[in-house]
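Working notes for the structure below.
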Amino acid sequence: MNPELFLQLDRVIHEKGRLAIMSMLAASPELSFTELRDALAMTDGNLTTHIRALQEEGFISVAKSYQNKRPLTTCSLTPAGRKAFAEYITLLEQIVRQNKPR
Amino acid sequence: MPGGKSQLEQSDFVLQSRNMNPHWAEENLQTIRTLMERSALYRRALAPIMLFVGTVGIAGGVLGWLIQAQRGGPFLARLFVFYWALVATIALAGTFILVRRQALRDSEPFWSPPTRRVTQALLPAFVVGAVCGAIAADSNGGEEGILYLVSFWCWAFGCAIHAAGFFMPRGMKVFGWVFVLIGCGICVFMTNDADSFRATNLPNFLMTVIFGGLHLAYGIYLYFTEPKNPVA
């Protein structure tokens with residue numbers, strides 16, 4: 001395998017928890033914290049840490065609001081996050097193609 | 001340090017072990033695909049919708065039976081089609097209101113991408129069902145033709161639900177298959193034993209049991225099994 005491709009993979013996304021969050025958000029306009037937590041079976045702390053890491057990279061945006069007088073946190077991909085995710089997928093596909101027996 | 005990375009980072013010490021598995025990238029892609037599909041699933045609670053549609057179906061069947069009794073004979077195809085089209089319209093309108101209420105409650109757009117996908121999946125088979133109904137209404141035939149129409153409607157509805165099931169919880173596909181198989185059953189019995197079918201004056205009863213009863217039964221099942229705050 002060409003290690004160059006592997007080295008190009010985004011390190012922030014290339015972590016299974018964060019990759020899962022990015023994947024879920026890539027297919028949905030926005031998801032609430034609870035939805036992400038339940039779907040990915042993560043603890044509150046773990047999910048918060050990953051969300052913060054992705055937010056610091058500018059890959060996701062977090063909005064806080066109130067619903068039925070209860071706080072609601074929703075996450076969505078930013079354009080930069082969508083671009084980074086698309087690039088990550090493209091690289092993965094290239095790696096898969098490279099590994100295919102000729 | 002090229003690109004500002006430390007030597008340890010450059011060497012991919014931790015990730016090299018993962019590299020040993022030549023399929024890791026493929027597995028990652030598969031996991032991503034699965035997660036994206038789960039995220040894009042239609043997430044509205046189906047139990048209230050099924051219970052409503054089932055109740056409307058059964059009420060429609062009972063009312064139809066009362067009307068038939070008052071008229072002193074079964075519906076001809078035209079009346080049958082118009083009557084059940086009206087029942088279906090009421091069921092659809094109620095479903096629309098229920099879905100919209102859920103979307104408002106969850107502060108989500110009604111016409112979300114999953115809703116759009118489900119609608120697109122339902123539409124072709126619904127159109128086939130509507131066209132079959134229009135043809136039957138135009139011919140205005142008797143009970144045998146109506147029974148065949150019921151089986152066509154079962155197929156069309158089953159296919160629609162099965163297609164939508166690709167964007168919904170797994171049970172929907174099975175639910176769709178039940179309609180398809182019932183449609184086949186009616187057709188087989190009609191072909192083999194048409195006389196006894198005709199004699200029993202069934203169409204209205206079948207519509208009540210199949211469309212009303214099955215939705216109600218599935219609604220009750222979902223009511224007890226569906227997560228109260230459904231997630232992807």
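Answer with one residue from A:Phe6, A:Gly81, A:Ile95: the one whose Cα lies farthest towards the positive end of the charge dipole of segment A:3-99, charges on Cβ with Lys, Arg +1 and Asp, Glu -1. So the residue furthest toward the plus end is A:Gly81. Distance between the modelled labels on B:Thr225 and B:Ile90, one decimal in nanometres: 2.9 nm (7 Å Cα→Cβ projection).
Relative to the longest principal axis of the Cα atoms of chain A, helix A:79-99 runs at roughly 30 degrees. The charge dipole of segment A:3-99, taken about its Cα centre with unit charges on the Cβ atoms of Lys, Arg (+1), Asp and Glu (-1) only, comes to about 300 debye. With the helix formula -39500 (n - 2.57) applied to DSSP H stretches of n ≥ 4, chain A reaches a computed 222 nm mean residue ellipticity of -18000 deg cm²/dmol. Only the Cβ atoms of Lys and Arg (+1) and of Asp and Glu (-1) were treated as charged; on that basis the dipole of segment A:62-102 about its Cα centre amounts to roughly 120 debye. Enumerate the whole-percent occupancy of each 10 Å bin, from 0 to the last occupied one, for all C-alpha pair distances of segment B:36-225. The percentages, shortest bin first, are 9, 35, 35, 16, 5, 0.
In this label model, A:Tyr66 and B:Thr119 are separated by 3.3 nm, measuring between points 7 Å along each Cα→Cβ vector.
Counting Cβ atoms of other protein chains within 10 Å of each residue's Cβ and taking the mean over peptide A:36-44 gives 2.
For the peptide A:26-34, the mean number of other protein chain Cβ atoms found within 10 angstrom of a residue's Cβ is 5. The modelled label-to-label distance between A:Asp44 and A:Thr90, using points 7 Å beyond Cα along the C-beta direction, is 4.0 nm. Inter-chain neighbour count for B:56-64: the average number of beta-carbon atoms from partner chains within 10 Å of each residue's beta-carbon is 0.
Values in this text are rule-based calculations from the coordinates and carry no lab data. Because the structure is a prediction, the values reported are computed rather than measured. For neighbour counting, all protein chains shown are included, and Cβ atoms are generated from backbone atoms with ideal geometry for every residue, glycine included.
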